[in-house]
Amino acid sequence: MINIPKGTKDVLPSDSRKWQYAEDKLRKVAALYNAREIRTPTFEHTELFVRSIGDETDVVSKEMYTFEDKGGRSITLRPEGTAPVARSYVENALESMSLPLKTYYIISAFRYERPQAGRLREFHQFGSEIYGASSPYLDLDCITFAYDALRALGLKGIKLKLNSIGCANCRKKYTEALRAYFAERLDEMCPTCRERYGRNALRLLDCKVPRCKEIAAGAPVILDYLCDDCRAHHEKLCSLLDCSGIPYEVDGGIVRGLDYYTRTVFEFVTEELGAQGTVLGGGRYDDLVESIGGKPTGCVGFAMGMERAIMLMEKQGVDFGKDGVDVFVISQSPDLVGTCMEIVSDLRHAGISADTEMTGRSMKAQFKYADKQNAAYVVVIGGSETESGQVKVKRLSDGKEVECGINGIAACVKENIQWQNL
Ligand code: ATP
Ligand code: MG
């Protein structure tokens, strides 16, 4: 037997409804926010991620699925959605559309990580990227979008943590302070941190090694090093959030694992998923578009981990509804299968989902199967029904039967559905 690759998952027919339920809710929230879907390829030139995410980040240095294609190009399966969408924005000159431009996506992403609950090698994200967005009102809009997306999934008890990591200017001063702090503790830190110290000291803040984490917890916080403009932006956003009623906490420890962020960074976290508690992360990235060849563009975005969100929905007992078929047509004898298939075909063309027995099983087995399929109604077709042209439509939830013409099943079921919805 050939097994599924480590860190990947099948979504089985019994579970796909959960995904469809979640995706449907998220698309509806996106429409409420006037965001339009964008679809980019599953793979990109490796250079895009190295340049935008940063070669000292875990994602680029350890987690990317990179390979050479048959034409000798270095290709990488996307580890996230922000850089590909920015690439598309620049390449397709989307700035010529009226700005701000709000996009959203539901994608698979790939990272070579140690698989655990809520951490996979192929995972999925719902995300949004907003372009032409320098004002803190757009930070607010983006955070509210993320918050409403989580709420639309029925999730509760998720906390918003907010921070500002300033701009390149604030970071110069801050990096000096960080280096001075880490210099005295470097011999206690992991080899990766020691290596990164000289090149990108900011990355030492999101090392996952427990001792490094402890040391990082005591490091100076960037909030104390913000320039006037970045401070004003952060304070304005905080005051807007205060008015919005979204509860949040400013947490100087939130730095995010990707280099492209500037100013606002945020995470929505839960305590119910153990170590993989960040359900959604995002922030502002005002330098990214320029760094990949576009004009300077204020941008803000977020990405939600779909597996984590669905795990939490399951934990919190969200009702995903049930898959089912409207009508199951039971055939009393194998020679009536053709007739049953015609009836089913008419029902389907009338917009009623329907199925029938095609394997010649007993009536009892057919009733059992209909039940397993969550059929709402069954219709038994036998000799007398075909002769008289009259059938009984039985509602399985309460056993109630309604008689109608053999050609009137669709209308009868529709009436019943309407009646049920009253
Ligand atoms: P973490 O700190 O948990 O590794 P991250 O900061 O690397 O997360 P982001 O790059 O911000 O994650 O991605 C946004 C969201 O995507 C995360 O908050 C998480 O919900 C989800 N996510 C990231 N990596 C994985 C993964 N390997 N498996 C499942 N979900 C993931
Ligand atoms: Mg990660």
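Rule-based calculations on the coordinates, nothing more; no lab input. In this text the structure is predicted, and so the values were computed from the model without any measurement. Glycine also receives a Cβ, built like all others from the backbone with ideal geometry; neighbour counts cover every protein chain displayed.
Descriptive notes on the structure:
- Using only alpha-carbon positions in the chain, the gyration tensor eigenvalues give semi-axes of 54, 23, 20 Å once each is multiplied by 5 and square-rooted (largest first).
- Rg and Dmax [Cα atoms of the stretch 242-362; Å; Rg one decimal, Dmax integer]: 26.4, 74
- Residues in the stretch 42-73 that a label on Glu195 would reach, taking backbone N under 17 Å of a point 7 Å out along Cα→Cβ: 50, 54-66
- Coordinate range along principal axes, alpha carbons of the stretch 335-422, Å, largest first: 39, 28, 23
- Shape class for the stretch 74-129: oblate, because the ratio a/c of the largest to smallest gyration tensor axis (alpha-carbon atoms, square roots of eigenvalues) is 1.5 or more and b/c is at least a/b.
- At q = 0.19 Å⁻¹, base-10 log of I(q)/I(0) for the stretch 274-422 (Debye sum, equal scatterers on each alpha carbon): -1.09
- Sequence-distant lysines (8 or more away, or on other chains) whose Cα lies within less than 16 Å of Lys208: Lys62
- In the chain, the DSSP beta bridges split such that about 80 percent are antiparallel, to the nearest 5.
- Size estimate for the stretch 54-164 follows the Kirkwood approach: the inverse of mean 1/r over distinct Cα pairs works out to 16.5 Å.
- Here the residues Ile165, Ile330, Ile106, ranked from fewest to most Cβ neighbours within 10 Å of their Cβ, fall in the order Ile106, Ile330, Ile165.
- Among Val29, Val85, Val209, the residue with the largest mean-square fluctuation in a Gaussian network model of the chain, with springs joining Cα atoms closer than 10 Å, is Val209.
- By the Kirkwood approach, averaging reciprocal distances over each pair of separate Cα atoms, the stretch 213-288 gets a hydrodynamic radius of 14.0 Å.
- The stretch 136-174 versus the stretch 52-66: alpha-carbon centroid distance in Å: 23 Å
- Distance from the C-alpha centroid of the stretch 99-117 to that of the stretch 371-385: 44 Å, rounded to the whole angstrom.
- Long pairs among Lys102/Lys161; Lys28/Lys213; Lys9/Lys372; Lys156/Lys295; Lys102/Lys213, criterion Cα-Cα beyond 32 Å: Lys28/Lys213; Lys156/Lys295; Lys102/Lys213
- Inter-centroid distance (Cα atoms) of the stretch 11-42 relative to the stretch 254-316, Å: 18 Å
- Span-like helix criteria (full DSSP H runs; alpha carbon extent of at least 20 Å along the helix axis; mean Kyte-Doolittle hydropathy of at least -0.5) are satisfied in the chain by 136-152.
- Computed [θ] at 222 nm, deg cm²/dmol, the chain (DSSP H ≥ 4; -39,500 (n - 2.57); rounded to nearest 500): -11500 deg cm²/dmol
- Using bins of 5 Å that start at zero, the share of Cα-Cα pairs per bin across the stretch 184-328 amounts to 2, 7, 13, 16, 16, 16, 12, 7, 4, 2, 2, 1, 1, 0, 0, in whole %.
- Residue exposure proxy: Cys243, Cys404, Cys238, ordered by other Cβ atoms within 10 angstrom of their Cβ from fewest to most, comes out as Cys243, Cys238, Cys404.
- Choice from Ile352, Ile215, Ile143 with maximal GNM fluctuation in the chain (Cα, 10 Å cutoff): Ile352
- Taking 0.36 nm per residue of separation and subtracting the current Cα-Cα distance, fully stretching the chain between Lys364 and Leu12 would add 124.0 nm.
- Compactness of the stretch 128-168 was expressed as the Cα radius of gyration divided by 2.2 N^0.38 Å, which yields 1.35.
- Antiparallel bridges, percent of DSSP beta bridges restricted to the stretch 204-307 (to nearest 5): 100 percent
- Rounded to 5, percent antiparallel among DSSP beta bridges of the stretch 308-399: 25 percent
- Ranked Ser74, Ser164, criterion: other C-beta atoms within 10 Å, fewest first: Ser74, Ser164
- Highest-fluctuation residue, Pro220, Pro41, Pro136 considered, GNM on the chain with Cα pairs under 10 Å: Pro41
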